[in-house]
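The next block holds one structure in the form of structure tokens; read it before the comments.
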Amino acid sequence: MPGCDRPYFEVRINETRLGAVRMFTTNTVQDCLNYCVSAADCVGVDVNYDTSPIECWPHTNIDDYVESNLFTQPGTDSYQLITRCATTAATGSLVLSFAQSITAEVRP
């Protein structure tokens, strides 16, 4: 997108949410997050690191992201897509860090 930098996801480590609509496997978290950004109906994904390849579970209902729908699940992280375009109007600089860099700090 012209004028856009990178999308922004909020991530919850070792947690998952009910309501994912389908699952596919991928070799990287980046592929899973890219899928979500490109799918118009995607509001977030759960990523299961305990499988090889990684499992990607997209969500299409924003109601999946209420706190009462959040559950502990070691080895799985829940990413909520907050914005597909995270830049400031004045400077064009990145406002929020991309979730992949957060995950890289806590996952081997």
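Tell me yes or no: at least one residue of segment 33-41 is over 16 Å from F9 (Cα atoms) and loosely packed, with under 13 Cβ neighbours inside 10 Å. So far as segment 33-41 goes, no, none of its residues is over 16 Å from F9 (Cα atoms) and loosely packed, with under 13 Cβ neighbours inside 10 Å.
Pick from segment 20-31 the residues that are part of a loop (DSSP other than H, G, I, E, B) and either exposed (fewer than 15 other Cβ atoms within 10 Å of the Cβ) or modelled with pLDDT of 95 or more (or both): which of them is nearest to the chain's Cα centre (by Cα)?
Initial filter on segment 20-31 (part of a loop (DSSP other than H, G, I, E, B)): 20-23, 27-28.
So of that shortlist, the ones also either exposed (fewer than 15 other Cβ atoms within 10 Å of the Cβ) or modelled with pLDDT of 95 or more (or both) come out as 21-23, 27-28.
Numbers: V21: 14, R22: 15, M23: 14, N27: 15, T28: 12 Å.
Of everything passing the filter in segment 20-31, T28 is nearest to the chain's Cα centre (by Cα).
All conditions but one from (1) modelled with pLDDT under 90; (2) more than 19 Å from S52 (Cβ to Cβ) apply to R12; the one that does not is (1).
Considering only residues of segment 60-89 that are in contact with a Phe, Trp or Tyr (Cβ under 8 Å, 6 or more places away or on another chain) and more than 20 Å from R22 (Cβ to Cβ), which is modelled with the lowest pLDDT?
A86
Among the residues of segment 1-57, those that are among the acidic types (D, E) and under 18 Å from Q73 (Cα atoms) comprise E10, E15, D46, D50, E55. As for segment 32-53, it holds at least one residue that is touching a Pro at 6+ places or on another chain (Cβ under 7 Å) and in a strand (DSSP E or B).
Among the residues of segment 56-63, is any surrounded by fewer than 13 Cβ atoms within 10 Å (Cβ to Cβ) and of a type in the set (V, I, T)? Show your work before the answer.
Narrowing segment 56-63 to residues surrounded by fewer than 13 Cβ atoms within 10 Å (Cβ to Cβ): 62-63.
If we keep only those that are of a type in the set (V, I, T) as well, we get 62.
Yes, the conditions are met somewhere in segment 56-63.
Contact map, segment 72-89: first residue at negative phi and loosely packed, with under 15 Cβ neighbours inside 10 Å, second residue at pLDDT 95 or above and of a type in the set (G, A, S), Cβ cut-off under 6 Å, separation 6 or more or different chains; the map is empty. Cβ-Cβ distances below 7 Å connect the following pairs, each with a first residue in segment 43-70 that is more than 18 Å from T26 (Cα to Cα), a second residue that is part of a strand (DSSP E or B) and acidic (D, E), and a separation of six or more residues or different chains: L70/E15.
Being farther than 18 Å from E10 by Cβ, polar (S, T, N, Q) and out of contact with any strand residue (DSSP E or B) (no Cβ under 6 Å at 6 or more places or on another chain) is a property that T28 has.
The values are calculated or read from the model by the stated rules, or taken from the named source; none is laboratory data. Quantities reported herein were computed from a predicted structural model and do not represent experimental measurements. For neighbour counting, all protein chains shown are included, and Cβ atoms are generated from backbone atoms with ideal geometry for every residue, glycine included.
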